[in-house]
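Scroll down for the structure; my scribbles are underneath it.
The values are calculated or read from the model by the stated rules, or taken from the named source; none is laboratory data. Note that the structure is predicted; figures quoted are calculated from it, not measured. Cβ placement follows ideal geometry from the backbone for every residue including glycine, while neighbour counts extend to all protein chains displayed.
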C-alpha cells in the first residue's frame, strides 16, 4: 500500500503538475483594433494580451504578478460559435498558452445594417476568467 501511494506521488511530481490559480477579471481596456488588451484580475495580476487580434490566432500574454514575476507566454486564441444572426455574432473566446494557462471570455460582433457604418462589423471582447500555472 505504501509503495503504490509513493508511486502515485512520484508520478504526479514527474508529470509536471503545478498549482493553478483561477481568478476573475476585474477590469479591462482594449484598443480600438483589439490588438492589445490590458487586464487586471481579483488576485492582483496585471495582464497584457497582444497580437494581430487578441481574439484570433497566435497572441502573447504578459503577466505581472503581485510578487513581481513577469513571465511572457505564447498563446493561441480560438473562438467557438454560440449564436449568429444577420446582425450579431457571439462566440466563446479562449486563449490557451503553452504552459496550460488560459484566459476565457466572450467575443461579439454587431452591425447596424443601415446609416453610417453600413454593414461594417464592430467587434468587442470581454474577458472573464484567468487561469495561471
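Only residues that are in contact with a strand residue (DSSP E or B) (Cβ under 7 Å, 6 or more places away or on another chain) and without any contact (Cβ under 8 Å) to a residue 60 or more places away in the chain were counted in region 18-42, giving 8.
Considering region 43-58, and only residues there that are within 15 Å of the chain's Cα centre (by Cα) and in a loop (DSSP other than H, G, I, E, B), the residue that is farthest from residue 109 (Cα to Cα) turns out to be 45. Being in contact (Cβ under 8 Å) with a residue 12 or more places away in the chain, farther than 28 Å from residue 20 by Cβ and surrounded by 15 or more Cβ atoms within 10 Å (Cβ to Cβ) holds for only one residue in 46, 102, 123, and it is 123.
Give the residue that is modelled with the lowest pLDDT, with candidates limited to residues of region 59-81 that are surrounded by fewer than 13 Cβ atoms within 10 Å (Cβ to Cβ) and either in contact with a helix residue (DSSP H, G or I) (Cβ under 7 Å, 6 or more places away or on another chain) or assigned to a strand (DSSP E or B) (or both).
Kept after step one, since they are surrounded by fewer than 13 Cβ atoms within 10 Å (Cβ to Cβ), are these residues of region 59-81: 66-70, 72, 74, 80-81.
Filter once more, keeping what is either in contact with a helix residue (DSSP H, G or I) (Cβ under 7 Å, 6 or more places away or on another chain) or assigned to a strand (DSSP E or B) (or both): 72, 74, 80-81.
On the way: 72: 91, 74: 95, 80: 97, 81: 97.
Per the stated criteria, the residue is 72.
For region 19-42, name all the residues that are part of a loop (DSSP other than H, G, I, E, B) and either farther than 17 Å from residue 100 by Cα or in contact with a helix residue (DSSP H, G or I) (Cβ under 8 Å, 6 or more places away or on another chain) (or both). Answer for region 19-42, where residues must be part of a loop (DSSP other than H, G, I, E, B) and either farther than 17 Å from residue 100 by Cα or in contact with a helix residue (DSSP H, G or I) (Cβ under 8 Å, 6 or more places away or on another chain) (or both): 31, 32, 33, 34, 35, 42.
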